[in-house]
1. Among the residues of segment 60-71, is there at least one that is part of a loop (DSSP other than H, G, I, E, B), at pLDDT below 95 and either among the aliphatic types (A, V, I, L, M) or in contact with a Lys or Arg (Cβ under 9 Å, 6 or more places away or on another chain) (or both)?
2. Among (1) aromatic (Phe, Trp, Tyr); (2) out of contact with any Asp or Glu (no Cβ under 9 Å at 6 or more places or on another chain); (3) farther than 24 Å from residue 7 by Cα, where does residue 87 come up short?
3. Determine whether residue 83 is more than 22 Å from residue 19 (Cβ to Cβ) and open to solvent by 90 Å² or more (accessible area, probe 1.4 Å).
4. Can you name the residue in segment 37-65 that is under 21 Å from residue 14 (Cβ atoms) and among the aromatic types (Phe, Trp, Tyr) and, of all such residues, is least open to solvent (accessible area, probe 1.4 Å)?
5. So the check is Cβ under 7 Å with 6+ separation or different chains; which pairs have a first residue in segment 17-32 that's under 15 Å from residue 92 (Cβ atoms) and a second one that's modelled with pLDDT of 85 or more and exposed (fewer than 11 other Cβ atoms within 10 Å of the Cβ)?
Amino acid sequence: MNRMNRTPHLLVERGYPHERGDILPLGSSPRLVLGRKDDGWEPDVAFDNAFVSRRQAEIRYEDGRYSILDLGSKHGTAVNGAPLEPFVPVPLKRSARIAFAQGL
């Protein structure tokens, strides 16, 4: 894939089933749920890790800006190493590092 992609996206460092360097476009949806897939649920962006909640986090696009909020996950979400308070949106800036379950 083109690593010089200029459209808003997530670049995977680690997160099975995705491989390092995979680009996941954010698209134009106002809400994008990230989490773990199970038999009755599939998030917009799925990760296969028992420590990632089914509804881990949500990326929102409002007024031309992206933000992220933890959806009350059991093991937490962090941006640039700072843990997020559940259900409190935090602005996302270019090159922000998002981690689930304390980096797992």
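1. Narrowing segment 60-71 to residues part of a loop (DSSP other than H, G, I, E, B): 63-64, 71.
With the extra rule that they be at pLDDT below 95, the set shrinks to 63-64.
Right, trim to either among the aliphatic types (A, V, I, L, M) or in contact with a Lys or Arg (Cβ under 9 Å, 6 or more places away or on another chain) (or both) and you get none.
For segment 60-71, residues part of a loop (DSSP other than H, G, I, E, B), at pLDDT below 95 and either among the aliphatic types (A, V, I, L, M) or in contact with a Lys or Arg (Cβ under 9 Å, 6 or more places away or on another chain) (or both): absent.
2. (2)
3. Working: more than 22 Å from residue 19 (Cβ to Cβ): yes; open to solvent by 90 Å² or more (accessible area, probe 1.4 Å): yes.
Yes; evaluated as a whole, the condition is true for this residue.
4. It comes out as 47.
5. So the pair list comes out as 30/62.
The values are calculated or read from the model by the stated rules, or taken from the named source; none is laboratory data. This structure is a prediction, so every number in the text was calculated from the model and none was measured. Don't worry about glycine lacking a Cβ; one is built from the backbone with ideal geometry, like all the others, and counts go over all protein chains shown. The area values use the complete protein model at the heavy-atom level, side chains included, leaving out ligands, DNA and RNA. Shrake-Rupley method; radii C 1.70, N 1.55, O 1.52, S 1.80 Å.
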